Amino acid sequence: MSDLLRLLKLFRPYWLWMAGSIALSLASVLANVGLMAVSGWFITAMALAGLAGVSMNYFTPAALIRAFAIVRTVGRYGERVISHEATFRLLAELRTWFYRRIEPLAPAGLAKAHSGDVHARLSSDIDRLELVFLRFFAPVTVAALASLVVVAVLFAWHPQIAASQAVLLALAGIALPVLVAKAGGAPSERLTHQGAEMTTKLVDMLDGLGTLQAHGFDAAHAARIEALTCGMIAEETRLSRLSGLSTAGVGLATNMALFAAIALAVPAVRSGALAPADLAMVALLAMASFEAIGPLPLAAQSLGGTLASARRIFALADGAPPVAVPARPAPLPLNAADAALLSFRGVGLTYPGAARPALCDIDLDLMPGTRTGLLGASGSGKSSLVNLALRFWPPETGRISLSGTDVADLDPEDVRRQISAVSQHAHLFTASIAENLRVAAPDAPLGKLEEACRIAQVHDFIAAQPDGYDTLVGANGLKLSGGEARRIAVARALLKEAPILLLDEPGEGLDRATETAMLEALFDATGERAVLYITHRPVALERMHALLLMERSRIVDRRAAPQMG
Ligand SMILES: Nc1ncnc2c1ncn2[C@@H]1O[C@H](COP(=O)(O)OP(=O)(O)O)[C@@H](O)[C@H]1O
Ligand SMILES: [Mg+2]
């Protein structure tokens, strides 16, 4: 229930749209009921007048019928237009809201969630939330209001008919939906989770299709997806059966209302309590009012799944960001030329659930215009240093400062603006090479892109492509070798004008000659930047001003470069 209330709170900016849609929907339902009732009365009254040979005023009822028909049609049209407009606005708002909530979590806070699962939450779960208004909130409100009006009108004609109508409306509109919600809640909730699991599995499978095939594991994976499908079909069947039963239940109540109205109205007509022509009107009024009740069982049935989606969304959105953003971030400090741009003091880090720390007691100073080499075996903690500098993770102990200011007092985005990094697993988007490069420098002219790519030794390769810098790369474009992608990532980092440059194994995947050429050109171009060059192979280390050696989470040796052999 609290999830439902929280959802409705999210809808608050759109309450005018929703109220408008509910008002129009109510008007068209009531117009339809009115149309049936007046038509019934009119036809009967005309027939009786004909039999008795008297004339009657048929202008008023005919005008009423026309008015009801127009209101019904226009109301229904308007209601569709407004409710869909409201829903789309809401959907856009919900998606941006959710995205804004999860963005600060990335990447550390989302590490536990599979990307397919996040994808499922962003798409199908959010889609389902929009239905809360369209399929639940609006029909329930309209049904309640329409039933009240119909029972009140019937009461003026015949209190007993009104009472029997109230009982049947309550049975079909309250008791039946409650039963359906009880029976359908669990299967519809399971279906939501199965759907999400399916998306997760499929995304995972598509990502790793080559690996699965190479290991002959694709059949097992396909079997798992088939089992999941069977489970989903079983739940779907259960829900279809239930919705069939509930539709039959509403139909039964509708016909019982008609029957009860006639059974009570006939004696009333006989005794003269009810005019003969009113019989048809009262009976049709009773029957037509069930139109508003029709959607309620289905609304109740899907509620379980919808709330499960809401819970999935809230669970991720409520995660605390791993790196807290200060309420009032300090302004970015100015750096004096002789002070460290980035410094670590006694920094330690243990990843959640890890048996041993990834970093212990790290002291490090990156000075403007100097290059620091960090050499260490795989797993020694080098990339974790970059994660901390980029504020993807908070340090567990110690202090990291940017030009003397503790980074904990700064906005993480401000910190990242000062740092340009080639991370170990740099991502290339499905976009042109130029667009991938301009992620770092949106306004850079082509000349600048070329200059950076020349340094990264990748310009000749790009120029040799038929589309040059417009060549599409990534998942749906040109497949790049690891070394080519790496060099584009290096060029991208060079394009970002930040005073600190972090290079995490920039030469990975390159042959020795290309690697050396790239690093030489790169280090010629670093100028006044403070550079940290991370590597596990001793390449181009003679270009460093200082050298650190890392072993098992610690810096175990540090030397000034001239001492290097
Ligand atoms: N996101 C993470 N969550 C948990 N453990 C991690 C994570 N990233 C790295 N580690 C662990 O921390 C240690 C250091 O990793 P890393 O900094 O990537 O080393 P290097 O870059 O020197 O190869 C490794 O034991 C690795 O398994
Ligand atoms: Mg690494």
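Filtering Phe133, Phe137 for residues that are assigned to a helix (DSSP H, G or I), crowded, with 22+ Cβ neighbours inside 10 Å and assigned by TED's automatic domain parsing to the domain that holds Pro295 leaves a single hit, Phe133. Among the residues making up segment 268-299, those that are within 23 Å of Val149 (Cα to Cα), among the small types (Gly, Ala, Ser) and in a helix (DSSP H, G or I) are Ala268, Ala277, Ala280, Ala283, Ala286, Ala288, Ser289, Ala292, Ala299. When segment 364-390 is filtered for residues that are within 16 Å of ligand 2 (Cβ to nearest atom), polar (S, T, N, Q) and part of a loop (DSSP other than H, G, I, E, B), the ones remaining, listed by number, are Ser378, Ser380. For the structure I just gave you, tell me whether Gly249 is within 20 Å of Gly304 (Cβ to Cβ) and surrounded by 13 or more Cβ atoms within 10 Å (Cβ to Cβ). Yes.
Residues checked against (1) part of a helix (DSSP H, G or I); (2) more than 25 Å from Glu396 (Cα to Cα):
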site: Gly305; (1), (2): yes, yes
site: Val323; (1), (2): no, no
site: Ala327; (1), (2): no, no
site: Asn335; (1), (2): no, yes
site: Asp338; (1), (2): no, yes
site: Ser343; (1), (2): no, no
site: Asp361; (1), (2): no, no
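More than 16 Å from ligand 2 (Cβ to nearest atom), at pLDDT 95 or above and closer than 25 Å to Val347 by Cβ: which single residue out of Val531, Val458 fits that description? From the options Val531, Val458, the qualifying one is Val531. Those residues that are of a type outside the set (A, V, I, L, M), closer than 19 Å to Thr370 by Cα and surrounded by 15 or more Cβ atoms within 10 Å (Cβ to Cβ), I need them from segment 517-565; list them, please. Phe523, Thr526, Arg529, Tyr533, Thr535, Arg543 - these are the residues of segment 517-565 that are of a type outside the set (A, V, I, L, M), closer than 19 Å to Thr370 by Cα and surrounded by 15 or more Cβ atoms within 10 Å (Cβ to Cβ). Could you please let me know if Ala489 is assigned to a helix (DSSP H, G or I), in contact with a Ser or Thr (Cβ under 7 Å, 6 or more places away or on another chain) and buried (at least 21 other Cβ atoms within 10 Å of the Cβ)? Criteria not met by Ala489. Between Glu508, Glu551, the distinction of being within 16 Å of ligand 2 (Cβ to nearest atom), touching a residue at least 12 places away in the same chain (Cβ under 8 Å), in contact with a strand residue (DSSP E or B) (Cβ under 7 Å, 6 or more places away or on another chain) and charged (D, E, K, R) belongs to Glu551 only. Consider segment 360-396 and keep the residues that are among the β-branched types (Val, Ile, Thr) and within 13 Å of ligand 1 (Cβ to nearest atom). The one that is surrounded by the fewest Cβ atoms within 10 Å (Cβ to Cβ) is Val386. Restricting segment 320-337 to residues that are exposed (fewer than 10 other Cβ atoms within 10 Å of the Cβ) and in contact (Cβ under 8 Å) with a residue 60 or more places away in the chain leaves a set whose member that is farthest from Ala389 (Cα to Cα) is Ala320.
For segment 332-359, the set of residues classified as in contact with an Asp or Glu (Cβ under 8 Å, 6 or more places away or on another chain), more than 16 Å from ligand 1 (Cβ to nearest atom) and of a type outside the set (Ser, Thr, Tyr) consists of Leu332, Ala340, Leu342, Arg345, Gly346, listed by residue number. For segment 391-410, a residue qualifies if it is touching a helix residue (DSSP H, G or I) at 6+ places or on another chain (Cβ under 9 Å), part of a loop (DSSP other than H, G, I, E, B) and in contact (Cβ under 8 Å) with a residue 60 or more places away in the chain, and the qualifying residues are Arg391, Phe392, Trp393, Pro394.
Taking every residue in segment 338-353 that is on the phi > 0 side of the Ramachandran plot and modelled with pLDDT of 90 or more and pairing it with any residue that is within 16 Å of ligand 2 (Cβ to nearest atom) and not basic (Lys, Arg), at least 6 positions away or on another chain, the pairs with Cβ-Cβ distances below 9 Å are Gly346/Ile362. Screening the candidates Ser243, Ser302, Ser271 for the property of being hydroxyl-bearing (Ser, Thr, Tyr) and more than 28 Å from Met1 (Cβ to Cβ) yields one hit, Ser271.
Of the residues examined, Gly482 is not one that is touching a Gly at 6+ places or on another chain (Cβ under 9 Å), within 16 Å of ligand 2 (Cβ to nearest atom) and more than 29 Å from Leu105 (Cα to Cα).
Pairs linking a residue in segment 24-42 that is touching a residue at least 40 places away in the same chain (Cβ under 8 Å) to a residue that is polar (S, T, N, Q) and buried (at least 21 other Cβ atoms within 10 Å of the Cβ), with Cβ atoms under 8 Å and 6 or more positions apart or on different chains, are Val33/Ser289.
The criterion of being assigned to a helix (DSSP H, G or I), closer than 27 Å to Ala31 by Cβ, out of contact with any Ser or Thr (no Cβ under 9 Å at 6 or more places or on another chain) and among the aromatic types (Phe, Trp, Tyr) does not hold for Phe314. Annotation note: Cβ proximity below 8 Å between a residue of segment 527-538 that is outside the structural domain of Glu515 (by TED's automatic domain parsing) and of a type in the set (Asp, Glu) and a residue that is in a loop (DSSP other than H, G, I, E, B) and within 13 Å of ligand 2 (Cβ to nearest atom) (sequence gap 6+ or interchain) occurs for no pair. When Ile233, Ile225 are screened for being assigned by TED's automatic domain parsing to the domain that holds Ser147, within 20 Å of Ala120 (Cβ to Cβ), at pLDDT 95 or above and surrounded by fewer than 17 Cβ atoms within 10 Å (Cβ to Cβ), only Ile233 passes.
The values are calculated or read from the model by the stated rules, or taken from the named source; none is laboratory data. The structure presented is a predicted model; accordingly, all values stated were derived computationally and were not measured. Cβ atoms come from the backbone with ideal geometry, glycine included; neighbour counts cover every protein chain shown.
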